[in-house]
Each structure stands twice: as C-alpha cells, then as structure tokens.
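Student: Can you keep this structure in mind? I'll have questions shortly.
Please treat every number below as a calculation from the coordinates, not as lab data. The structure presented is a predicted model; accordingly, all values stated were derived computationally and were not measured. Note that we place each Cβ from the backbone using ideal geometry, even for glycine, and neighbour counts take in every protein chain shown.
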Amino acid sequence: MFRRVLCLLLLSLIAASCGAPAATQEPSAPTAEQATLEPTLQALIPDTPTPTQTPLPTPSPTETPLPPLELPTEIPSAPALLAWDGVPTYLGDSQPGYAFRVLYDPATWALTQDQFGFPALGHRAIPYCVISVTSGRGLPPNISVEHETLYAKTVTFDVGAAYENGVKKFVTYTGGDGIIFTAFQVSFEEQADQCLADAETVLTTLRSVPSFQATPTP
C-alpha cells in the first residue's frame, strides 16, 4: 500500500513538472534610459545622402553649313558682261515663249548650280553669296519679312528681306518687265551689304527675251 501511494506521488510530481509551457511574454516597454539613449545615438549617426544623378547638359543643335558652291574658273578674255537666261518662275503670270535675262560681270560672278541642281550665280570673292531662282513659299514662324519696292529702268521688284531673330538671312526679289514675272533669292553668310549691292547690279538688268534667243544654260 505504501509503495502504491509513493508511486502515485511520484507520478503527480512528474506530471506537474511537464505541464504546458508558459505563455509568451509581451515585450516590455523601453525604460526611460533606453528612450533617452536612442534619439541621442540617432543624432550622432550622420545622415547618408541619397545618391542623385546630375543630368548631363543637352548640347544645343547646331546647323552644319553646306560647302560653298563650286565655281568654274574665270574665262580668259571674257566680255565685260555675260548673259544668264532662264525660265520665269511664275509662268502663269508671264507671256508664253519668253525667258528672263540678266547680265553679270564674269570677274565678279560665275554661272554654276546651287545645292539643289538649279542654275545660280556664285560670287567669286564672297563665299556663300549666291543669286538663285525662287518662287513664293511658306516660311517658318521664326522668320519675319520686311518688304520694300525697288524701281529700275525697265523692271520693278518687290524686295523681301527675311530676318531670323533680328539677323538678316536672305533677300528675295520678285518682279518683271510686264512680259515675264520671276523671282530671285540672294543668300549670304557674311558681307551681306556688299553681296546685296553686287546682286542688285545684276538683277536690275532683268528683261525678257524670246525663248529661241535664250542662251542655253550649261
């Protein structure tokens, strides 16, 4: 009997020691010392700057100038003036069967082709000074045009000076002699005043000639 009671007592002790595990304890609130120490440590740690990329400057677009026109060599013992004949650019306003003619000094100008393959006069002493045929066309919004009238002996021109940001870029001459009506453009990069003066010396000689008398353009 005593042995049985002893065994029951031992079993009860073992069962008590192997009971369910204690519940997980809630995390304790930080002490006043910890609450004071944490902001102090954060203040001592320097802020790490967020890496940012500095954008590279975008290069502004630049226009690549076209090469100057290739000019033929000056003709030895050439006459004082040569003729440049061509088809009027405003055929609907010109009488059929007529061409335009202007006279130029071969020591100053050379008959050649512009970058588009059309006949043009290139100045021998001023690079990029060119007289070419043209017709009415639209202009970009950054181009403004000032008009005036040029009266010559047999021809009247409407002169349109085109400006970009206040800089004169080219000038057009549109007119005729009552038989033909045509237009020219004078372009330049430098020495604009001299280029225009020499060009007007040529353009004011404009007159009409019968097409069968026109000199073929090389």
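Student: In nanometres, what is the gap between the two model label sites at ALA78 and ASP193, each 7 Å from Cα along Cα-to-Cβ?
Tutor: 2.7
Student: Put +1 on the Cβ of every Lys and Arg and -1 on every Asp and Glu Cβ in segment 153-213; which of ASN165, PHE212, SER187 then has its Cα farthest towards the positive end of the dipole?
Tutor: Of the candidates, PHE212 comes out farthest on the positive side.
Student: Students often check this: by mean Cβ neighbours within 10 Å, which of 175-184, 109-118, 77-86 ranks highest, and how do the rest follow?
Tutor: Answer by packing, highest mean first, reads 175-184, 109-118, 77-86.
Student: 7 Å from Cα along Cα→Cβ at both VAL145 and LEU91: what's the point-to-point distance in nm?
Tutor: It works out to 2.2 nm between the two label points.
Student: Ordered by packing density, taken as the mean number of other Cβ atoms within 10 Å over each peptide's residues, highest first, how do 167-174, 152-159 rank? The partial results should precede the final answer.
Tutor: Details: 167-174: 17.6, 152-159: 15.6.
Packing proxy ranking, top to bottom: 167-174, 152-159.
Student: Grab the other residues whose beta carbon is less than 11 angstrom from that of PRO106, score K and R as +1, D and E as -1, and report the net.
Tutor: -1
Student: Across segment 74-79, in residue order, what do the Karplus-derived ³J(HN,Hα) couplings come to in whole Hz, using 6.51 cos²θ - 1.76 cosθ + 1.60 with θ = phi - 60° and x for Gly and Pro?
Tutor: The phi angles translate into 5, 6, x, 6, 6, x Hz.
Student: Still on this model: Once amide H atoms are built 1.01 Å from N in the peptide plane, which residues 5 or more positions from ARG124, or in another chain, come under 5 Å H to H?
Tutor: TRP109, ALA110
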